[in-house]
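Okay, structure first, notes after.
The values are calculated or read from the model by the stated rules, or taken from the named source; none is laboratory data. Computed from a predicted model, the values in this text were never measured in an experiment. Heads up, the Cβs are rebuilt from the backbone with ideal geometry, glycines too, and the neighbour counts pull from every protein chain shown. Side chains are part of the model used for accessible areas, which takes the heavy atoms of the whole protein and leaves out ligands, DNA and RNA. Shrake-Rupley method; radii C 1.70, N 1.55, O 1.52, S 1.80 Å.
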Amino acid sequence: MAVLGIESTAHTASAGIVGEDAEVLALASDMYRPPSGGIHPREAANHHVEVLPGLVERALAEAKLSEREIEAVAFAQGPGLGPCLRAGATVARMLALTWDRPLVPVNHCVAHVEIARVLSGLDDALLLYASGGNTQVIAFGAGRYRVLGETLDIGIGNFLDKLWIALGGSFPGGPAIEAAAKGRTELLPLPYTVHGMDVAFSGILTAALAQSERGADRADVAYSVEVTTYSMLTEITERALAHLGRANVVLGGGVACNERLQGMVRAMAEGRGGTSFAPPKRLCVDNGAMIAWTGALAHRAGVRTAIEASAIRPRQRTDLVDVPWRPAFA
Ligand code: AMP
Ligand code: MG
């Protein structure tokens, strides 16, 4: 069995093919990089429309499969940027129609959880999902993935990108901030914004820019922002573990590639007698393989959509999607 997955929720267009047991048979991705500033949804969507057909061809060639061997076509239905989602959904519908295969809708956040879950083998783990547009602590319960805590304003990745661009850098900011912060030790005072299980970043953005205007070194700002915000994420993740009586954490999303964040979460989880796991980078960032794998799970559980009912859902929340492939009260 092989399932094709199409990802196009934000800056990355990607086609992935997985076989049994989440074996990644192929993954072809192409990230839109704006010439300056942040992502413009329509320009990113134009990029996706242009590259997706070629990415699908590349994925089929890499997997050494013909289209007849693809059992289902999965696509990221939401959440994400409307024009970008529409580009991927259009390609997926066209493939499902021409190949006469079921079309399987997938929630992008659930896909980050499922790929981390299968790769880690940690069935009861909590997910810290830290990406451009999303920041959530997620756990499975009663038939759905529940959001236990989340950002009250912008996603952590968008925060890092905005900050770095305002400091004169370019998109994506997260990896550049990580590089700049390495070896630094000067912790500048910044707001630490945890509200119960939730976090917020816009006040920290303002304060970090004010530090820079007062003459703080850009690398010190980078270090201070990493330590402050990653501590916040580690704190809410730990509180969720404590409440649930669990000990294991999996990470997902582009910001989860960050070594400092991975290290802090690992130290916290190990301190509680558990462990943590982050997928390899290409499966941690937005990618078609996680959509394909989640599509395979959903397909086996009988999930499919008619073309007419396959509209994109730009605001589809993690906890609005049924997860019939897991026992509801495991
Ligand atoms: P995603 O939306 O999951 O594809 O993730 C994209 C986001 O991840 C962007 O905001 C990047 O700045 C951020 N990102 C990627 N690599 C890193 C890293 N090593 N450290 C922090 N943020 C990162
Ligand atoms: Mg993502």
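If you run the Gaussian network model on the chain, springs between alpha carbon atoms under 10 Å, then out of Q77, Q262, Q211 the most flexible one is Q211.
Gap in Å between the Cα centre of the stretch 230-266 and the Cα centre of the stretch 144-205? Here the answer is 14 Å between Cα centres.
Packing order of peptides 38-49, 286-297, 219-230, highest average first: 286-297, 219-230, 38-49 (average count of other Cβ atoms within 10 Å over each peptide's residues). By a straight-distance test (C-alpha under 29 Å), which lysines pair with K162 as possible cross-link partners, with residues fewer than eight away in the same chain excluded? Those lysines meeting the cut-off are K182, K281. With Cα atoms defining each centre, the stretch 24-39 and the stretch 1-21 are spaced 14 Å apart in the structure. Within the shell of other residues whose beta carbon sits under 10 angstrom from the beta carbon of W325, the net charge comes to 0, with Lys and Arg scored +1 and Asp and Glu -1. Please compute the Kirkwood hydrodynamic radius of the chain from all pairs of different C-alpha atoms, in Å with one decimal. Taking the inverse mean of 1/r over all distinct Cα pairs, the chain comes out at 20.0 Å. Relative to the first principal axis of the alpha-carbon coordinates of the chain, what is the inclination of helix 82-99, with its axis defined by its Cα atoms, in degrees from 0 to 90 and to the nearest 10? The two axes meet at around 20 degrees. Among R93, R317, R214, the largest mean-square fluctuation in a Gaussian network model of the chain, built with springs joining Cα atoms closer than 10 Å, belongs to R214. Taking only the alpha carbons of the stretch 222-330, we obtain Rg and Dmax values of 17.0, 50 Å in that order.
Split the accessible area of the stretch 217-269 by element, probe 1.4 Å, and carbon with sulfur accounts for 45%. The long axis of helix 108-120 is offset from the longest Cα principal axis of the chain by roughly 90 degrees. Please work out the average accessible area per residue across the chain, using the 1.4 Å probe convention, and give it in Å². Spelled out: the 1.4 Å probe surface of the chain, per residue, equals 41 Å². If the segment from S66 to A179 were pulled out straight at 0.36 nm per residue, it would be longer than the present Cα-Cα gap by 36.5 nm.
Can you tell me how much longer the chain between R214 and I307 gets when fully stretched, taken as 0.36 nm per residue apart minus their C-alpha distance, in nm with one decimal? Before the final figure, lay out each step's value.
Working: separation 93, 0.36 × 93 = 33.48 nm, distance 5.55 nm.
So the chain would gain 27.9 nm between R214 and I307.
Once the Cα gyration tensor of the stretch 123-274 is diagonalised, what are the square roots of 5 times its eigenvalues, in whole Å and ordered largest first, as equivalent ellipsoid semi-axes? Its equivalent ellipsoid spans semi-axes of 27, 15, 13 Å.
Between the Cα long axis of helix 259-271 and the first principal axis of the chain there is an angle of about 90°, rounded to the nearest 10. Grab the other residues whose beta carbon is less than 13 angstrom from that of L81, score K and R as +1, D and E as -1, and report the net. Result for the neighbourhood of L81: +1. Of R313, R184, R117, the residue with the greatest mean-square motion in the GNM of the chain, using alpha carbon springs below 10 Å, is R184.
Leaving out ligands, DNA and RNA, and with a 1.4 Å probe, what % of the accessible surface on the stretch 112-210 is carbon or sulfur?
Answer for the stretch 112-210 is 54 percent, counting heavy atoms of protein chains only.
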